[in-house]
Amino acid sequence: MKIECLGAVAAMPQEIAPLLRRVRRFQKEKISGFNLYRFDCGSTRVALIESGMGPDHAALATAALIRSASPHVILNFGFCGGVLPGLTVGDLVLAERVFALAGGRLSEALTPPLPLTSPILESCRKRGLSSRRGSFITATGVVNKRALAQTLEGSIHEPVLEMESAAVFREAGKAGIEAVALRGVSDPAEEELGFDIAEICDSELNLSPWRLVLTLAKRPLLVPQLIRLARNSKVAGANLALGVELALLALSETQ
C-alpha cells in the first residue's frame with residue numbers, strides 16, 4: 001500500500017524556508033500553536049510542522065503533527081554541528097543511531113529503520129550530495145564539542161549535535177510510527193560556538209532579537225562568528241533542502 005501522508009518536523013524557519021522555495025506551492029496553517037505547512041511531493045501529501053528549538057518543543061510539535069495528519073512516516077530535518085573532524089559545512093548526515101544527552105550521559109532512542117534510510121542515502125549520493133550515515137546526539141543547549149568528543153565511545157560513528165531528533169523519535173515511537181532524520185552540517189567540529197542558547201533566546205527557546213542585540217553589545221567579538229554561521233547555514237540549507245526533497249520522494253515510494 002502506498003504511503004498517503006508523510007510527516008516532517010523541523011525546528012527553525014531558516015531550516016524550512018529553502019525547502020519551501022523548492023516545492024513552491026504550499027498551504028500554511030496553525031495547529032496547537034505551531035506553524036504547519038502542507039504540500040505535495042510527487043503524488044504524496046506532506047505535512048511539515050515547525051517545532052521551535054529544543055526537545056520539549058519537538059515533542060509537543062510531533063505529537064500535534066501525529067494528531068492532525070496521521071503520517072505513516074516522519075522525517076526530522078535541520079542543521080547540526082560536527083563533533084569529530086571530517087565533516088564539512090554542507091555535508092548531509094542521515095541518522096543511523098539517535099541519542100539523548102542529559103546530565104552528561106547518553107541514552108539511545110529508537111534506531112532508524114535501514115529499509116527506509118538506505119534509499120535516501122542512495123538518492124542523495126546519486127545527485128552528488130556529500131552524504132553519510134552518522135550518530136545524532138540530541139542536546140538541550142550548546143555543548144562543548146571537544147569535551148563531548150573525549151567522552152564518546154568508539155562505536156558512536158560520525159557523531160553530530162542537534163536539539164530535536166531524540167524527542168521526535170520518542171513521540172513517533174509512542175504512536176507506532178517509523179521515523180528517520182536527515183541533517184545538514186552548519187558548523188564543523190573545529191567551530192566551537194562562543195555563546196549559549198540562553199543568551200540569545202527567551203525561556204521558550206525562541207530567538208529573541210533584543211537578547212541577541214544585548215549579547216552582541218556586550219560581546220562584539222561574537223559578530224564575526226555569527227556572520228560566518230549565517231553564511232554556513234545558507235550553504236547547509238541549500239543542500240539540506242535538496243536532500244529533504246529526495247528523502248521525501250524516496251519515502252513516498254515505500255510500500
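The values are calculated or read from the model by the stated rules, or taken from the named source; none is laboratory data. Here the structure is a predicted model, which means the values were calculated and not measured. Note that each Cβ is placed from the backbone with ideal geometry, even for glycine, and that neighbours are counted across all protein chains shown. For accessibility, only protein heavy atoms count, side chains too; no ligands or nucleic acids. Shrake-Rupley method; radii C 1.70, N 1.55, O 1.52, S 1.80 Å.
Summary table
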item	result
About the Cα centre, charge dipole magnitude for region 1-154 (Lys/Arg +1, Asp/Glu -1 at Cβ), debye	480
Using alpha-carbon coordinates, inclination of helix 114-126 to the longest axis of the chain, degrees	70
Rounded percent of accessible protein surface that carbon and sulfur make up, region 1-137, 1.4 Å probe	52
Distribution of pairwise C-alpha distances over the chain, 10 Å bins, in %	7, 33, 39, 18, 3, 0
Phi to ³J(HN,Hα) by Karplus 6.51 cos²θ - 1.76 cosθ + 1.60 over region 42-47, Hz, x for Gly, Pro	x, 9, 10, 7, 10, 10
For region 45-160, the Rg and Dmax computed from alpha carbons only, in angstrom	15.0, 43
For the chain, built as a Gaussian network whose Cα springs stay under 10 Å, the top-fluctuating residue of S70, S131, S165	S70
Span from the region 84-103 Cα centroid across to the region 32-50 one, whole angstrom	25
Acute angle (nearest 10 degrees) that the helix 13-23 long axis makes with the longest principal axis of the chain, alpha-carbon atoms	40
Antiparallel content of DSSP bridges confined to the chain, in %, to 5	40
Inter-label distance for S70 and K30, nm, one decimal - labels placed 7 Å from Cα along Cα-to-Cβ	2.6
Selected from A175, A167, A63 as most flexible by GNM, with the chain as the system and alpha-carbon contacts under 10 Å	A175
Heavy-atom surface of region 45-113, accessible at 1.4 Å and reported per residue (Å²)	35
Calculated SAXS-style log₁₀ I(q)/I(0) at q = 0.18, 0.23 Å⁻¹ - region 105-188, Debye, Cα scatterers	-0.90, -1.30
Accessible heavy-atom area order of K145, K234, K28, highest first, probe of 1.4 Å	K234, K28, K145
Over the chain: helical MRE at 222 nm, DSSP H runs n ≥ 4 each giving -39500 (n - 2.57), nearest 500	-12500 deg cm²/dmol
Reach of K174 by Cα under 24 Å, taken over lysines that are not fewer than 8 positions away in the same chain	K2, K30
C-alpha long axis of helix 209-218 to longest principal axis of the chain, angle in °	30
Relative contact order, percent, the chain [alpha-carbon distance under 8 Å, six or more residues apart]	28
Cα principal axis extents for region 13-95, largest first, Å	40, 30, 23
Percent antiparallel among DSSP beta bridges (both partners in region 1-153, rounded to 5)	45
Accessible-area order (highest first, 1.4 angstrom probe) of the listed residues F26, F99	F26, F99
Surface accessible to a 1.4 Å probe, V143 within the full protein complex, Å²	40
1.4 Å probe accessible area per residue over region 134-180, in Å²	41
Dipole of region 1-153 [Lys/Arg +1, Asp/Glu -1 at C-beta], most positive-end residue of P115, V83, V46	V46
Test item: Cα-centred dipole of region 10-84, Lys/Arg +1 and Asp/Glu -1 on Cβ, debye	360
